[in-house]
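Participant: My questions all concern the structure below.
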Amino acid sequence: MDTTKILIVDNEPIIRESLSGWLKRDNCHIRTAPGGKACLKMLKKHRFDILLVEITMDGITGMEVLKHVKEFYPDIDVIMITAYGSVASAVAAIKAGAYDYLLKPLAPEKLGVLIDRLMDHQRRKQENLFLREQHREHTRFESIIGQSAPMQEIFNLIHDIRDSRSTVLISGETGTGKGLAAKAIHTNSPAGQGPFVNVNCGAIPNQLMESELFGHQKGAFTDAKETRKGRLEMANNGTLFLDEIGEISMRMQIDLLQVLEDKIFYKVGGTQPITTNFRVIAATNRDIHLAMEKKRFRKDLFYRLNVISFTMPPLRKRREDIPLLADHLLQKFVQETNKEIHGINRRAMDELMLYDWPGNVRELSNAIERAVVVCKCPTIEACHLPMAKPDGKHPPRESLTLEEIEQDHIELVLCRNHWNIAKSASILGIDRSTLYNKIRRYCLKKNA
């Protein structure tokens, strides 16, 4: 750990001198301030880990210093000291964020033990910050989130090709995050400072694809009222992302292959050649090999695109990422809706973990968004999830005991009826006394 920096704040020079002498030790740098005003000035210029502050100072008081520190420097630990202590002042100091409260005359041994404990606390905070940063680096790459082995392989590949301009082909089911992976590759590549131009080949009709890609001259066709740039020209010095490349027509495949080979094209109705320089990333949810067998996708275009390739894994093949993704999505939608929702309870998380997610991360995102919108509890519960609806798909229950199934059902009924005991007991076919007993037995809580 770096040297611990301590600031002693007291009006009395002898107190400052005494404390400085007592606290002198290895890996510890001590400075003093003669009052609150001097302390606040020093905080603007220097970093400190620990403050010892006298409460009853002239001018800016110790409590005012404490409140300022907790507002603007929340990572600094503050010990309040005073010769005129009371229970009320001690409680007020702790409530305001003080780490501890000591009465004068101070015992050097007691103060030394406290500082050693605080230094250890600071060291652990730094270690935890480092570990959190490491965890973030290993669970996120740009907007892609995952800690599973398949996702770590993809993160490593994106990192390995960061200096390359080679063409990339990304395969994977709908909703697995192929677009996010493409954006991460672009951002971390030499083309990262240039534009990222997305072409959704499945959403553009074949008759408009040529104009979309190549652009057109004014008057080239009936509705061409002005000259327009195409996506190829827009992507110059950047990345062209051809999403759902398997959807383009055989004719357009020929034209596209020619551009990828020569980096020269003509606008529709144009006669001037346009030179462009871009990196190509393509993505598909189709089986391209099957499409080639059926003569629906050109082999020469496939070989041109398939320089670097990988497959985004479906969510059911990386279930250990579900809690991480669900928490990230929850925070996102809570922030957007300004709702007070603090987490996902155990039963709801079980539902998320057991469901097969045919729509992958996109479906999970929709499920969490819907849960946040309908939730009126402090936490997301199973009944807020679309897959928990009676007319929806349920995860398999074969692994649950009879008691677990009963607990799950009681919690579900209570949640759907907003914890109305009488109504829930009636639906369950038991009296209220029995329902209360089961709630106690299973430790069910409204905000659990």
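Participant: Would you kindly state how much longer the chain becomes between Ser86 and Asn366 on full extension, computed as 0.36 nm times their sequence separation minus their alpha carbon distance, in nm to one decimal?
Facilitator: 95.3 nm
Participant: Residue farthest toward the positive end of the dipole of the chain, with Cβ of Lys/Arg at +1 and Asp/Glu at -1: which of Ile15, Leu118, Ala382?
Facilitator: The residue sitting most towards the positive pole is Ala382.
Participant: Write out the trypsin sites (Lys or Arg not before Pro) in the range 340-388 meeting two conditions: DSSP loop, and at most 10 other Cβ atoms within 10 Å of their Cβ.
Facilitator: Lys376
Participant: His46 versus Asp116, label points 7 Å from Cα toward the beta carbon: distance in nm?
Facilitator: Result: 2.5 nm between the two label points.
Participant: Which one of Ala371, Thr337, Leu301 is farthest out on the positive end of the charge dipole of the range 286-381, using unit charges on Cβ (Lys, Arg +1; Asp, Glu -1) and the Cα centre as origin?
Facilitator: Leu301
Participant: Under the 0.36 nm per residue contour assumption, what length would be gained going from the current alpha-carbon distance of Lys376 and Ser433 to full extension?
Facilitator: Full extension of this stretch gives 17.9 nm more.
Participant: Multiplying the sequence separation of Asp327 and Leu180 by 0.36 nm and subtracting their Cα-Cα distance, what value in nm do you get?
Facilitator: Stretched fully, the Asp327-Leu180 segment lengthens by 51.1 nm.
Participant: Can you tell me the FRET efficiency between Ser20 and Phe72 if r is taken as the Cβ-Cβ distance and R0 is 22 Å, rounded to the nearest 0.05?
Facilitator: According to the calculation, E is roughly 0.35.
Participant: Only counting other Cβ atoms within 10 Å, I'd like Arg279, Arg228, Arg16, Arg440 sorted with the fewest neighbours first.
Facilitator: Arg440, Arg228, Arg16, Arg279
Participant: Tell me which aspartates and glutamates have Cα within less than 14 Å of Lys104's Cα, excluding those fewer than 8 residues away on the same chain?
Facilitator: Partners found: Asp10, Glu12, Glu54.
Participant: Which cysteines in the chain lack any other cysteine whose Cβ sits under 4.7 Å from their own Cβ?
Facilitator: Result for the chain is Cys28, Cys39, Cys201, Cys375, Cys377, Cys443, no neighbouring Cys Cβ within the cutoff.
Participant: Whole Å is fine, so just give me how far the alpha carbon centre of the range 26-78 lies from that of the range 246-261.
Facilitator: Rounded to whole Å, the Cα centres lie 67 Å apart.
Participant: If you find the alpha carbon centre of the range 195-213 and of the range 100-118, how far apart are they in angstrom?
Facilitator: Between the Cα centre of the range 195-213 and that of the range 100-118, the gap is 70 Å.
Participant: Could you quote the convex hull projected area for the range 149-313, Cα atoms only and averaged over all directions, in nm²?
Facilitator: Result: a mean projected hull area of 9.6 nm².
Participant: Given R₀ = 30 Å, FRET efficiency for Lys37-Glu109 by Cβ-Cβ distance, to 0.05?
Facilitator: 0.40
Participant: Okay, moving on. For the chain, what are the DSSP H helices with axial Cα length of 27 Å or more and mean Kyte-Doolittle hydropathy of at least -0.5?
Facilitator: none
Participant: Once you compute Rg and the Kirkwood Rh from C-alpha atoms, what is the Rg to Rh ratio for the chain?
Facilitator: Over the Cα atoms of the chain, Rg/Rh equals 1.13.
Participant: Which ordering of Val69, Val413 is given by a fewest-first count of other beta-carbon atoms within 10 Å?
Facilitator: Val413, Val69
Participant: Computed FRET efficiency, Cβ-Cβ of Asp262 and Asn188, R0 45 Å: what is it to the nearest 0.05?
Facilitator: 0.95
Participant: Per-residue ellipticity at 222 nm for the chain, helices alone: DSSP H runs ≥ 4 residues times -39500 (n - 2.57), over residue total, nearest 500 deg cm²/dmol?
Facilitator: Dividing the helical sum by the residues of the chain leaves -14000 deg cm²/dmol.
Participant: List the longest stretch of the chain that has no exposed loop site; here a site is one of the GluC sites (Glu not before Pro) assigned by DSSP to anything other than H, G, I, E or B, with at most 14 other Cβ within 10 Å.
Facilitator: 1-225
Participant: I've got another one for you. How far is the Cα center of the range 299-372 from the Cα center of the range 418-448, in Å?
Facilitator: The range 299-372 and the range 418-448 have Cα centres separated by 33 Å.
Participant: If the only charges are +1 at each Lys and Arg Cβ and -1 at each Asp and Glu Cβ, what is the size of the charge dipole of the chain around the Cα centre, to the nearest 20 debye?
Facilitator: 540 debye
Participant: Among DSSP beta bridges whose residues both lie in the range 149-313, state the antiparallel percentage, nearest 5.
Facilitator: Among the beta bridges of the range 149-313, antiparallel pairing accounts for roughly 15 percent.
Participant: Based only on other Cβ atoms within 10 Å, what is the fewest-to-most ordering of Lys5, Lys339, Lys24?
Facilitator: Lys24, Lys339, Lys5
Quick note: the coordinates plus some simple rules give every number you see, no bench work behind them. Quantities reported herein were computed from a predicted structural model and do not represent experimental measurements. Don't worry about glycine lacking a Cβ; one is built from the backbone with ideal geometry, like all the others, and counts go over all protein chains shown.
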